[in-house]
Each structure stands twice: as structure tokens, then as C-alpha cells.
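Notes follow once the structure below has been shown.
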């Protein structure tokens, strides 16, 4: 508790895009409930905060921390361990913290290849082949930048996590519902779910939320969505466009399919799925209209960027986790 009797709240942004921070602000007037019931003690994107302030806090003094972002470098890991030490409840908030998300697609390449791509390809003017250095001396002292790890990891691959809230970002109405629950717990009107529970999401799949019709149509080719005039009523996958709804946890309300766009899997693996990519591959295989190996191979060759398609959000949290070159740190 703080001096005003409120429990402490923290939120941190690691390797992610910042969309989770915006989603929290998108709860509109509900953000006032956060202010009314919590003392925000650490939220770097929204307030002036220093790591040393957190380090000075007593262990377990922060009631609730929403940690968004994957673990890409040593700074991310340090703060993850620090906030775990200082927090009673640590929530893996958003797809990056839960599964690695888009940053974890870098796990398909060694760090050297990533750096070469950034600093030497045709879109970059760098005639002196300059690269970031771990430390730089300036008149005021020595500047330090974080060191990248060979692979991106999920939050629970680094520290113990109490709850998981998926989404890229989590839907604002789901965030508001979780905030309401926590406030009710503080008021003695409710109890927290068991540790390890996925909160702010459903227990089924996006397909179960989707209102499009499915007639088990089998297809002869996969296409990019820009090459298809999408039927507004028929299942998108059955129109030859990869849709991840059958492998993805419900909770978003199937917003993308409702707008004529395929589900891309941002709410993570459906309940009971050990590997998102394997689950989606099974669904895709079920609509292929052929028993001939050569034709099946041709149809599958029509899937653009299979690794990015099947593991766009789940690479770090999958059974694969990374390619061998990245594992070997070369």
C-alpha cells in the first residue's frame, strides 16, 4: 500500500510495439477507475519513472503489474525479474509477453544476419558500415545500450507468471472487464481465478464466434486476400484465403472476419492447443481438395510465407521456438 492507502499498480513495455499501452488508454473513462483504486507507481510510457525507484521498493509491494512485450535483450530480462520480485501479481499482458508475437519471428535468423539486414541492405545508407556499440563515451559519462539475446523469449520463459492476457493488443472491453474484476477483489466482492489462468479471453475459438457460414467446401488453391473478392457470408478459409480462426482462442468477437479480413491469430492458441502452427496446419489441410501428393504440394506452395503465416504470433511460445542457426548463436 502507498501512503494514501491505495494498492500499487505498474505497467511496463518491453519488446513490443506499444499497442498494449494504447489499448489500456482506449478503455476511456474506465481509466479513472484505475486511478481511483490504484496508485500508479511505475509506468514509463505515461509517467516519469526510474528503475532505481522500483529497485528501492519493498519486495511484493506492487499489487498488480501488467507486463507487455517479449524478452529481446538484457534490459528486458532485468526489468522482468525486478518487477517479478516487486509484484504480488504479474500478468503477461498481450501477445508479445504471452507468445513472443512478431518480434519473435526474428528467431528464424541469427542476430548477425538481423544486423546485416538493418545496416547493409539497399534501403539503408551506411557507407562506413557503422554498427551500434554496447558502450559509448560522451562528455557526461558512458552511455550503455542493451545487448540483444540470440532469441526472443516469452515472459514466462524468464520469470514466473501469475496470469495470461492475450491479444495484439488485448481488446479494450476485455481489459475493462479484468480491471472491474480486480477492483471487486479489492472490495472483497470477488475472488481471483486460479494462478495460470488465461484472463480477458474466451475458452473456445474465433470460428465459434464468427457468424460466417461454413459448408465444408474443399479448395484447389490458396490465394492472397487482395486477389479474391471475398464473399461477405462464406467462411474465409473455404474461399482459399488462410484464416487462423480455427486455431485461435476466442475473446475478440471475431472482429477481423466480420470486417472481411481473415483472422491472423493474435489471441494465441485455442484452449488445449500445444502448438498454434500445428493446429492451424491441421485446419488448412482439412480443406485441401486432393489426395494426390503432387497436387497437395502444389496447393501448399500457394501459401505465402508459411513460417510467418503459421507462427506470426507464436514462434517464441511454440514447440519450435527458433531456427537452428539462431539457437547456435551464429
- Query: From 269, 306, which residue is within 20 Å of residue 109 (Cα to Cα) and in the same structural domain as residue 221 (by TED's automatic domain parsing)?
  - Reply: 306
- Item | Residues satisfying the stated conditions in the stretch 12-30, i.e. assigned to a helix (DSSP H, G or I) and in contact with a helix residue (DSSP H, G or I) (Cβ under 7 Å, 6 or more places away or on another chain) | 23, 24, 25, 30
- Scope the stretch 193-213; condition touching a residue at least 12 places away in the same chain (Cβ under 8 Å) and more than 19 Å from the chain's Cα centre (by Cα); matching residues: 193, 195, 207, 208, 209, 210, 211, 212, 213
- Message: Can you go through 59, 53, 33 and tell me which one is in a helix (DSSP H, G or I), under 21 Å from residue 186 (Cα atoms), over 25 Å from the mean Cα position of the chain (by Cα) and in contact (Cβ under 8 Å) with a residue 12 or more places away in the chain?
- Response: 33
- Message: So for the stretch 151-160 (the condition being under 19 Å from the mean Cα position of the chain (by Cα), closer than 17 Å to residue 11 by Cβ and modelled with pLDDT under 95), does at least one residue qualify?
- Response: no
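Okay, residues lined up against (1) in a loop (DSSP other than H, G, I, E, B); (2) surrounded by 11 or more Cβ atoms within 10 Å (Cβ to Cβ); (3) in the same structural domain as residue 306 (by TED's automatic domain parsing):
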{"position": "112", "(1), (2), (3)": "no, yes, no"}
{"position": "119", "(1), (2), (3)": "no, yes, no"}
{"position": "130", "(1), (2), (3)": "yes, no, no"}
{"position": "137", "(1), (2), (3)": "no, no, no"}
{"position": "173", "(1), (2), (3)": "no, yes, no"}
{"position": "179", "(1), (2), (3)": "no, yes, no"}
- residue 53 is checked against (1) touching a helix residue (DSSP H, G or I) at 6+ places or on another chain (Cβ under 6 Å); (2) more than 24 Å from residue 169 (Cβ to Cβ); (3) surrounded by 11 or more Cβ atoms within 10 Å (Cβ to Cβ) and fails just one. What number does that condition carry? (1)
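The values are calculated or read from the model by the stated rules, or taken from the named source; none is laboratory data. Since this is a predicted model, take the numbers as computed values, not measurements. Methodologically, a virtual Cβ is constructed for each residue, glycine included, from the backbone with ideal geometry; neighbour enumeration extends over all protein chains shown.
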